[in-house]
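Input: a single structure, listed below in structure tokens.
The values are calculated or read from the model by the stated rules, or taken from the named source; none is laboratory data. Values in this document were obtained by computation on a predicted structure and should not be read as measured data. Virtual Cβ from ideal backbone geometry, glycine too; neighbours counted across all protein chains shown. Ligands, DNA and RNA are excluded from the accessible area calculation, which covers all protein heavy atoms including side chains. Shrake-Rupley method; radii C 1.70, N 1.55, O 1.52, S 1.80 Å.
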Amino acid sequence: MTTACEPPFSPEEIASEGLKLEEYQEIVRRLGRHPNKAELGMFGVMWSEHCCYKNSRPLLKQFPTTGDRILVGPGENAGVVDLGDGLRLAFKIESHNHPSAVEPFQGAATGVGGILRDIFTMGARPIAILNSLRFGSLEDPKTQRLFSGVIAGIAHYGNSVGVPTVGGEVYFDPAYSGNPLVNVMALGLMETSEIVKSGASGIGNPVLYVGSTTGRDGMGGASFASAELSDASMDDRPAVQVGDPFLEKSLIEACLEAFKTGIVVAAQDMGAAGITCSTSEMAAKGGVGIEFDLDKVPVRELGMVPYEYLLSESQERMLFVAQKGREQELIDIFHRWGLHAVVAGTVIAEPVVRILFQGKIAAEIPATALAENTPLYERELLAELPKYVRQAWEWTPDTLPACTTGGIEIKAKLHSWNDILLLLLDTPTIASKSWVYRQYDHQVQNNTVMFPGGADAAVIRLRPLEKEDTGTRRRGDAGNTDEILSASPRLVVSAFSETASSSQRAVAATVDCNPRYVYLDPYEGAKAVVAEAARNLSCVGAEPLAVTDNLNFGSPEKPIGYWQLAEACRGLAEGCRELATPVTGGNVSLYNETLDSQGNPQPIYPTPVVGMVGLIPDLTKICGQAWQTPGDVIYLLGGLSSDLTLGGSEYLASIHGTVAGKPPRVDFDWERRVQKACREGIRQGWVRSAHDCAEGGLVIALAESCITGKLGAEISFKLPANDMQRLDEVLFGEGGGRIVVSVAPEQQENWESYLQQNLEQNWHKLGKVGNSEIGLRVLTSDGQALINARIEEMGDRYSKAIAKRLAIYTNTQER
């Protein structure tokens, strides 16, 4: 060990490990000596924001984390909730932003692999994947390359490992041009009687390394994820891991088999920071130490030194603590699955991580210094609103051209409301994501009830997993599922009824965030994220249960960046308390900034993604967004014109090129009432379709229900009496607590009676579902036509928006 008074490392070497000079001095104080190279690397990764949350931990404390259904909250590999009937769901969201910016295919693929390991490490079989993605403008060739690579990576890993990708969201905005966001959420159903935890215990118990070999790929990935991206980041490709989904499939089966033996005392995925993180976290959580011999580790490259072993993020690796004397039983299981399994360490009483190499101590650090007692930065909030916010809030709709029933003049050209509708449907953020989800296998395991594009949330049947189940589709199961879903989700449910008799329960899941709202008002915008996630679950008939969050922000060291993070956390905490959806864990991804050639940082929009799960007690009582039958009556739950705004709207950004104004304010009492009414309508069998009014407002929601159901709609409403309400605000304005539903005529009386009692006058009968020939017709109450669009025309714009932009990129590449 180095004992000289002079630091053995230059300031540049210390900075290269992601450490500040004052942090290095704190390391020296704690150790009572200077660290060696391996130890410096260990501190660098474990004290990175990605691993220790040194800037965000004080803010996360305000999140509600307990509830009647919460079995495991923050601090473990994934949260776990009780679904009843003996069913327990593990779920978590993680980011792989920086790796995907440098190497989109492997960055996204290993993001999927990592989140799946978080799930099955708990003893749960992964049953579904969702993703929340952000990219720059799709007109930009660089964005097209990143976008195509990320989607291919997600599809490759998820399809190969046999876990369905069932839903998600994709946004496009120039704010993400240099720094895409790749957030992946996974769900799993517990297979073990006991939830597997990560705290090591039992002095003398063996520590097993299982899974794949260790190489030099992914070196220092955690530190890489905690720094801004720059032109030099392309040189950091070694920090991007390389995954093997087929090996991971074997790892899933071997781990679940091992857990069921009862021999495994604790388990930890080797994700970010690899061996360093797994050994230190398991030791710190258990209040013990771990001695680990690197010479026992299976390797794929020769000549590796301790620094490389400890910082490698090679994929598909796990660390177990096993009962002493029974380790061979575990080793035999992993060998049967063609995987490595070796005893590489021991649980010791001294609370340190002691690393051995070639018979000598290569590193020795107190476990808590790496995993718990890490630096913490509580920063001061801005005393006043940032200048950009003050300027944005000064915007008013009066700055827009005047509009009439005939349309609006933009750049000296009159655009009808039909034109505006078609332009918005052609906007990649609003348009169909079929180009994306057609690449995913969303039917593998045969439990997916609601498919991508068919509803506001994914729905997965909860089939008990203890029995032998090959997942082979039989005659009469899902069939031609895309066609069935768009026509009637109830047909899909009946297709599953043969094998679902043992449990009629299902889980619904969604990922949501409108980053433009959060940028303009982090507090209100974050509240709106939680409200929208719960609303999307309610639209399929699910009761919202719990949340996992992924906080994607810029640098917390900059006053505006920290203010955005703090205000967003305050909003998320309030939203989760108001809607009784505790936070079970998540991920923090900071420093999402791109340094341009001049070194100027360009941060992303603050993007706190919420992954939310909900319970469906009766699988036969669900619905999607598509109209079901001509003659069904269409209603709007919520205000037709009040509380709407163009501030932060997709219409304002896409049509007028302006990001300004105040985003919608959340009324949680109203949200609870609207969502409850929607869920009750579905459970009573009154509501046949439900769709949240989100980006693009009411008219986009109506158009999407027409396109998905291949049926038209005749809509009529009274224009606002006062001149203060613009027509484009009514048509395309955005606001929370609004859901479009359709109801069978024979249930109209029961439904309206219920609405009158529970929503009073805050609902509107808009019109009726028509046949496909009528398309979408929107009229004023005195018969003036606002919109008259054919389904084929809307569907063409909606379904081809992404593909046609990528076709231009592909043709350019071929030339």
Of the listed values (1) 1.01; (2) 0.98; (3) 1.29, identify the label whose number matches Rg/Rh (Cα atoms, Kirkwood Rh) calculated from this model. (2)
Going by a ≥ b ≥ c, the root eigenvalues of the Cα gyration tensor, does region 1-160 fall in the rounded group (a/c under 1.5), the prolate group (a/b larger than b/c) or the oblate group? oblate
Extension gain (nm, one decimal) between Glu372 and Lys61, 0.36 nm per residue minus Cα-Cα: 110.5 nm
Regression test value, accessible area per residue of the chain, probe 1.4 Å, units Å², expected 35
Mind grabbing the accessible area of His50 for me, 1.4 Å probe, Å², rounded to tens? 40
Sparse-neighbourhood loop sites, chymotrypsin sites (Phe, Trp or Tyr not before Pro) in region 58-123 - DSSP loop, at most 16 other Cβ within 10 angstrom: none
Fully extended, how many nm does the chain gain between Ser772 and Ser10 (0.36 nm per residue separation, minus their Cα-Cα distance)? 267.2 nm
Picking from Ile707, Asn762, Ala694, whose Cα lies most toward the positive end of the charge dipole for region 693-811 (charges on Cβ: Lys, Arg +1; Asp, Glu -1)? Ile707
Only Lys, Arg, Asp and Glu count, each charged at its Cβ (+1, +1, -1, -1), so figure out the dipole size of region 54-99 about its Cα centre, rounded to 20 debye. 300
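What 222 nm value per residue comes from the helices of the chain, counting each DSSP H run with n ≥ 4 as -39,500 (n - 2.57) and dividing by all residues, nearest 500 deg cm²/dmol? Show your work: numbers first, answer last.
Numbers: 28 runs with 288 residues, N = 815.
Mean residue ellipticity, 222 nm, calculated: -10500 deg cm²/dmol.
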Lys360: which lysines have alpha carbons under 18 Å from its alpha carbon, excluding same-chain residues fewer than 8 sequence positions away? Lys37, Lys296
Cα-Cα P(r), region 234-353, percent of pairs per 5 Å interval: 2, 10, 20, 23, 22, 14, 6, 2, 1, 0
Quick check: pseudo-label points 7 Å beyond the Cα along Cα→Cβ at Lys413 and Asp669, how many nm apart are they? 4.8
Cα-based reach from Lys411 at 20 Å (exclusive), listing aspartates and glutamates while leaving out same-chain residues under 8 positions away: Asp398, Asp419, Asp426, Glu650, Asp728, Glu729
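Evaluate the charge dipole of the chain about its Cα centre and quote only its size in Debye, nearest 20, assuming +1 on the Cβ of each Lys and Arg and -1 on the Cβ of each Asp and Glu. Display every interim value, and only then the final one.
On the way: 73 positive and 101 negative charges, 218 e Å.
Magnitude of the dipole: close to 1040 debye.
Quick one: which of 410-418, 133-141 comes out on top by average Cβ neighbours within 10 Å, and what's the full order, highest first? Don't skip to the answer; put the middle values down first.
On the way: 410-418: 14.2, 133-141: 20.1.
Listed from highest to lowest mean packing, they are 133-141, 410-418.
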Can you compute 3J(HN,Hα) from phi for each residue in region 251-262, using the Karplus curve 6.51 cos²θ - 1.76 cosθ + 1.60 with θ = phi - 60°, rounded to whole Hz and x for Gly and Pro? 5, 4, 5, 5, 5, 5, 5, 5, 4, 5, 6, x
I'd like the trypsin sites (Lys or Arg not before Pro) in region 657-687 restricted to DSSP loop residues with at most 14 other Cβ atoms within 10 Å, sorted by number. Arg665
Against the globular-protein guess of 2.2 N^0.38 Å, express the Cα radius of gyration of region 707-769 as a ratio, rounded to two decimals. 1.31
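If r is the Cβ-Cβ distance from Val242 to Asp398 and R0 is 60 Å, what FRET efficiency results, to the nearest 0.05? If you can, show how the numbers build up before the last one.
Details: r = 55 Å, r/R0 = 0.92.
Plugging the Cβ-Cβ distance into 1/(1 + (r/R0)^6) gives 0.65.
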Karplus-derived 3J(HN,Hα), 6.51/-1.76/1.60, for each residue of region 22-34, Hz, glycine and proline x: 5, 5, 4, 4, 5, 4, 4, 4, 5, 7, x, 6, 7
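Rounded, prolate or oblate: which fits region 346-458 when a ≥ b ≥ c are the square roots of the eigenvalues of the alpha-carbon gyration tensor, with rounded for a/c under 1.5 and prolate only if a/b beats b/c? Provide the component values of the computation, followed by the final result.
Details: a/c = 4.49, a/b = 1.80, b/c = 2.50.
Note, shape of region 346-458 comes out oblate.
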Can you give me the long-range amide H partners of Ala546? Hydrogens built in the peptide plane at 1.01 Å from N, cutoff under 5 Å, separation of 5 or more residues or another chain. Val613
At Leu71 and Leu302, where each label point lies 7 Å from the Cα along Cα→Cβ, what is the point-to-point distance in nanometres? 4.9
Taking the alpha carbon gyration tensor of region 402-466, what are the square roots of 5 times its eigenvalues, largest first, to the nearest whole Å? 42, 12, 6
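Within the chain, what whole-number % of the accessible surface is contributed by carbon and sulfur, with the 1.4 Å probe and all protein chains included in the calculation? Please list the in-between numbers first.
Values: 14030 of 28750 Å².
Here carbon and sulfur together make up 49 percent of the probe-accessible area.
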Whose amide H sits under 5 Å from the amide H of Val687, counting only residues 5 or more places off or on another chain, with H placed in the peptide plane? Ile682
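Order His764, His98, most accessible first, counting only protein heavy atoms with a 1.4 angstrom probe. Kindly include the intermediate steps, with their values, before the conclusion.
On the way: His764 55, His98 5 Å².
Order by accessible area, largest first: His764, His98.
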Low-density loop GluC sites (Glu not before Pro), region 671-762, at most 13 other Cβ within 10 Å, DSSP non-H/G/I/E/B, are Glu760
Among Val299, Val321, Cys277, the residue whose Cα sits farthest towards the positive end of the charge dipole of region 249-361, when +1 is placed on the Cβ of each Lys and Arg and -1 on the Cβ of each Asp and Glu, is Val321
Amide H contacts under 5 Å for Thr429, placed H, 5+ residues apart: Phe172
Could you tell me the distance between the Cα centroids of region 350-375 and region 596-618, to the nearest Å? 34
Select from Ile154, Leu619, Val588 the residue farthest towards the positive end of the dipole of the chain; place +1 on Cβ of Lys and Arg, -1 on Cβ of Asp and Glu, and compute about the Cα centre. Leu619
Per residue Cα convex hull volume in Å³ - calculated over region 685-743: 100
